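Since the structure comes first, as structure tokens, the remarks are kept for the end.
The values are calculated or read from the model by the stated rules, or taken from the named source; none is laboratory data. Quick caveat: nothing in here was measured; it's all calculated off a predicted structure. Glycine gets a Cβ as well: all are built from the backbone with ideal geometry, and neighbour counts include every protein chain shown. The protein model used for the area step is the full one, side chains on, heavy atoms only, and it has no ligands, DNA or RNA in it. Shrake-Rupley method; radii C 1.70, N 1.55, O 1.52, S 1.80 Å.
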Amino acid sequence: SSYNSQMSTVLMIDISHSMILYGEDRITPAKKVAMALAELIITRYPKDTLDILVFGNDAKIIPLKQLPYLKVGPYHTNTVAGLQLAMDILKKKKNNNKQILMITDGKPSCLKLSDGSYYKNSSGLDSRITNKCYNMAKQAKKLNIPITTFMIARDAYLQHFVREFAKANNGKAFYTGLDNLGEMIFEDYESNRKRKI
């Protein structure tokens, strides 16, 4: 059993424009949860690692101390870039237990092409983009990296995407309101640490 095995986690936070659309502030609760998760890991599981990255049109790692100042931008959602960066981070970790936790409220709507330009589509689900996401999910599965998605939106077509995505990775998906996001992430973290490898 790997009850006490160390865990390397990447937390992905969506900073696309929809995180503040319709007058609902989704980024502040997401930030608070990220800070609380960091606190939990540092105090209770000091040997675990946590890296935090944000994804809009592109993905970047952010230091913990910058979390409070995190803002959303006029960005699309480049989930593929986020997943790629998360896997790159985790490939370098020595722990056997690795996971990606993703907080998002939207569908993937953007890809960066090899020539450096962006392919964007905000309407509905675009199979050119979602297929890339499913492929990333499968790659992560091959690397033994489960992905838990916390979808903080309710649209039926998003639930379809998240279900397919979780299936491709053999990961998990939670549809959560903002008020119970923290609770769900902590419970998930605790149960993932206990899984046998």
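Out of all the residues in the stretch 90-102, which are under 15 Å from LYS141 (Cα atoms), open to solvent by 10 Å² or more (accessible area, probe 1.4 Å) and not in a strand (DSSP E or B)?
LYS91, ASN96
Might you check whether a residue that is in contact with a Leu (Cβ under 7 Å, 6 or more places away or on another chain) and among the polar types (S, T, N, Q) occurs anywhere in the stretch 135-143?
So far as the stretch 135-143 goes, no, none of its residues is in contact with a Leu (Cβ under 7 Å, 6 or more places away or on another chain) and among the polar types (S, T, N, Q).
Out of all the residues in the stretch 43-52, which are over 17 Å from ASN192 (Cα atoms) and open to solvent by 50 Å² or more (accessible area, probe 1.4 Å)? Outline the logic, then answer.
First, the residues of the stretch 43-52 that are over 17 Å from ASN192 (Cα atoms): 43, 52.
Across the stretch 43-52, the qualifying residue is only THR43.
Do you know which residues across the stretch 103-124 are part of a loop (DSSP other than H, G, I, E, B) and within 19 Å of the chain's Cα centre (by Cα)? If you could, list the steps in order and put the result at the bottom.
Taking the stretch 103-124 and keeping what is part of a loop (DSSP other than H, G, I, E, B), we get 105-109, 113-117, 121-124.
Across the stretch 103-124, the qualifying residues are ASP105, GLY106, LYS107, PRO108, SER109.
Residues of the stretch 141-179 being within 19 Å of ASP88 (Cβ to Cβ), of a type in the set (Lys, Arg) and either touching an Asp or Glu at 6+ places or on another chain (Cβ under 8 Å) or touching a residue at least 24 places away in the same chain (Cβ under 8 Å) (or both), which ones?
LYS141 - this is the single residue of the stretch 141-179 that is within 19 Å of ASP88 (Cβ to Cβ), of a type in the set (Lys, Arg) and either touching an Asp or Glu at 6+ places or on another chain (Cβ under 8 Å) or touching a residue at least 24 places away in the same chain (Cβ under 8 Å) (or both).
Looking at (1) at negative phi; (2) free of Cβ contacts under 8 Å to residues at least 60 places away in the same chain, find the lone condition where ALA86 falls short.
(2)
Failed condition for LEU21, given (1) part of a strand (DSSP E or B); (2) open to solvent by 10 Å² or more (accessible area, probe 1.4 Å), with all others met?
(1)
Conditions tested, residue by residue: (1) of a type in the set (Val, Ile, Thr); (2) more than 23 Å from GLU39 (Cβ to Cβ); (3) crowded, with 21+ Cβ neighbours inside 10 Å.
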site: VAL54; (1), (2), (3): yes, no, yes
site: ASP58; (1), (2), (3): no, yes, no
site: LEU64; (1), (2), (3): no, no, no
site: PRO74; (1), (2), (3): no, yes, no
site: ALA81; (1), (2), (3): no, yes, yes
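Tell me the helices (runs of 4 or more DSSP H) entirely within the stretch 125-197 that contain at least 2 residues that are of a type in the set (S, T, N, Q) and open to solvent by 40 Å² or more (accessible area, probe 1.4 Å). Break it down into steps so the answer makes sense when it comes.
Details: elements: 127-142, 156-169, 181-193.
The qualifying helices (runs of 4 or more DSSP H) are 127-142.
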